[in-house]
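Here's the structure we're looking at; comments come further down.
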Amino acid sequence: MTHSNLHTDLALEARQIAAPDAKQIPGVRFSDHTQNGVHIDVMDITSQEGADKLCKPIGRYVTAEIDRFLRRNDDAFEDTAQELGRQLRDMLSLRPDSTVLIACLGNPAITPDAVGPKCAGQVMVTRHLKERMPDTFEAFRTVSVVCPGVLGTTGIESASLVAAAADTVQPDAVIAVDALASRSMSRLCRTIQICDTGISPGSGVGNHRYALNRETLGVPVIALGVPTVVDAATLAYDLTGGQPPEDAPSAEMIVTPRDIDSFVSDAAKLLGYSINFALHDGLTIGDIDMFVS
């Protein structure tokens, strides 16, 4: 199995696959810090050489470890959502009057792929309210949500439906929320990635669809996702130290945690609240609870 056959959406893992022993990679910068109990890894791919090495587009990739949130520590949910919101806001660079479209990708009928659709119910949608009651909602940015489903149930590429929604609302930026694939069981449901390069739905499990990015939509596209599955062949490679047996599972098999139902619900709420903190100023958890309940 070659590196090109190892499926992952996580840039942090792409770095480990491409150069496991290298402290430095040409055209790639790394840094990390801990803020409010959340460990953050930042990777900037600054040149085409680095992009080719990691098989990822040029851009910024932020990886947050959410173990504290999973352990249900006191204030862990609010601290994690606030920190993710700050990271997301830094990438967006929005004006007070900016319009944002949230594209919640995935299949609500398949639990590991339902993060996006479930997240849609946790986002404060304000476009219609600002149109009808502009004075009341003056302090809020204009936010719309679209859930394009998947090709198998709609007959239309999700990217085409998102593009049609973008033509309607004319956003200044798009946030694409999706479930991701990891190469390691240890990162499933424990990591959140934010990047400014957009997203290609299904790429982490070898099912490449049309990309959602600045080139296809004409505006910045920030991708926000959490890994919920591992490709079985990639997992076999990882568990055996790069020497999978001849009867290793095929790439058609996907592995996911047994408690995926509860995690997907928790992750969807965390991502939705993070988006709300990023897009609207001065919110509290109570404010969001009241709005989305």
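The values are calculated or read from the model by the stated rules, or taken from the named source; none is laboratory data. Quick caveat: nothing in here was measured; it's all calculated off a predicted structure. Here the Cβ positions follow ideal geometry from the backbone for every residue, glycine too, while neighbour counts run over all protein chains shown. For accessibility, only protein heavy atoms count, side chains too; no ligands or nucleic acids. Shrake-Rupley method; radii C 1.70, N 1.55, O 1.52, S 1.80 Å.
A few points about this structure:
- Complete set of residues in the stretch 89-131 that are open to solvent by 70 Å² or more (accessible area, probe 1.4 Å), assigned to a loop (DSSP other than H, G, I, E, B) and in contact with a helix residue (DSSP H, G or I) (Cβ under 7 Å, 6 or more places away or on another chain): PRO108
- Residues (aliphatic (A, V, I, L, M) and either surrounded by fewer than 19 Cβ atoms within 10 Å (Cβ to Cβ) or farther than 26 Å from ASP97 by Cα (or both)) located in the stretch 139-162: ALA139, VAL150, LEU151, ILE156, LEU161
- Among the candidates LEU188, LEU217, residue that is out of contact with any Ser or Thr (no Cβ under 7 Å at 6 or more places or on another chain) and either of a type outside the set (Asp, Glu) or at pLDDT 95 or above (or both): LEU217
- Checking GLY121 against (1) at pLDDT 95 or above; (2) in contact with a Leu (Cβ under 9 Å, 6 or more places away or on another chain), the condition it does not meet: (2)
- Of all residues in the stretch 1-31 being at pLDDT 90 or above, among the small types (Gly, Ala, Ser) and on the phi < 0 side of the Ramachandran plot, the one that is surrounded by the fewest Cβ atoms within 10 Å (Cβ to Cβ): SER31
- From the list THR136, THR34, the lone residue that is open to solvent by 40 Å² or more (accessible area, probe 1.4 Å), of a type in the set (Val, Ile, Thr) and part of a strand (DSSP E or B) is THR34.
- All positions within the stretch 53-88 that are assigned to a helix (DSSP H, G or I), more than 15 Å from the chain's Cα centre (by Cα) and of a type in the set (A, V, I, L, M): LEU54, LEU70, ALA76
- Taken over the stretch 254-293, the residue count meeting the criterion of being under 19 Å from ASP79 (Cβ atoms), open to solvent by 30 Å² or more (accessible area, probe 1.4 Å) and in contact with a Leu (Cβ under 9 Å, 6 or more places away or on another chain) is 1.
- Where a residue in the stretch 135-151 is closer than 19 Å to GLN170 by Cα and touching a residue at least 60 places away in the same chain (Cβ under 8 Å) and its partner, wherever it lies, is among the β-branched types (Val, Ile, Thr) and outside any loop (DSSP other than H, G, I, E, B), with Cβ under 7 Å and at least six apart: ARG141/VAL100; VAL143/VAL100; VAL143/ILE102
- Scanning the stretch 196-214 for residues that are surrounded by 24 or more Cβ atoms within 10 Å (Cβ to Cβ) and modelled with pLDDT of 70 or more, we see that the one that is farthest from SER265 (Cα to Cα) is LEU212.
- Count - residues of the stretch 42-86 that are among the acidic types (Asp, Glu), open to solvent by 70 Å² or more (accessible area, probe 1.4 Å) and under 21 Å from ALA223 (Cβ atoms): 1
- Condition met for ILE17 (of a type outside the set (Gly, Ala, Ser) and not in a strand (DSSP E or B)): yes
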